[in-house]
Amino acid sequence: MRKEIYPAVFSEDDGFEEIFPKQHVFGEVLAEFDQAKAWVQSVAWSPNMYRLAFTGQGSTIHMVQIVADDKPVVTTIRSKGLPYTSVEFISNRAVIAAGYDQNPHLYLASDSNGGEPVWEFKDKVDKEEKKAKKKKVGSFVGARAMFEGQSTNNPH
């Protein structure tokens, strides 16, 4: 499935003329993305409008870097969990994605020496407590522990 960006016509110049020369032509496809290979759940623009993020039903998140005089650069990250249903930029370098597992994930971009950003999963927003593993206790082990507990309390 392709994702397309269409212009909305504004009377003033928004500074994207060099990136999207046909941005003022109504109905013109400005960019296409087919990386999701599934239904797109959510789309968000960064505050500076040079980055775009979208999530797919196939447990993926896609980060797009809009580049002047070149094709947009797309980074795809596959999630180990359930699909994301919402994505939002909290800054130009940070994205929050949330979905069916009900624990938002933080993704951060680190620019590499003037090159394209390197996006990576940073952490889950809600910290999960690690549950202590229960020891398997059989009847013999339980009886022995009970017997040893009695013998330590017994002064004889």
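Multiplying the residue separation of Val141 and Asn103 by 0.36 nm and removing their Cα-Cα distance gives an extension gain of 9.8 nm. Pairs spanning more than 26 Å between alpha-carbon atoms, out of Lys37/Lys127; Lys37/Lys122; Lys71/Lys127: Lys37/Lys127; Lys71/Lys127. Once the Cα-Cα distance is subtracted from the 0.36 nm per residue extended length, the Ile90 to Glu116 segment shows a gain of 7.4 nm.
Bear in mind that the values in this text are calculations on the coordinates, not laboratory data. Note that the coordinates shown come from a computational prediction; the quantities given were computed from them, not determined experimentally.
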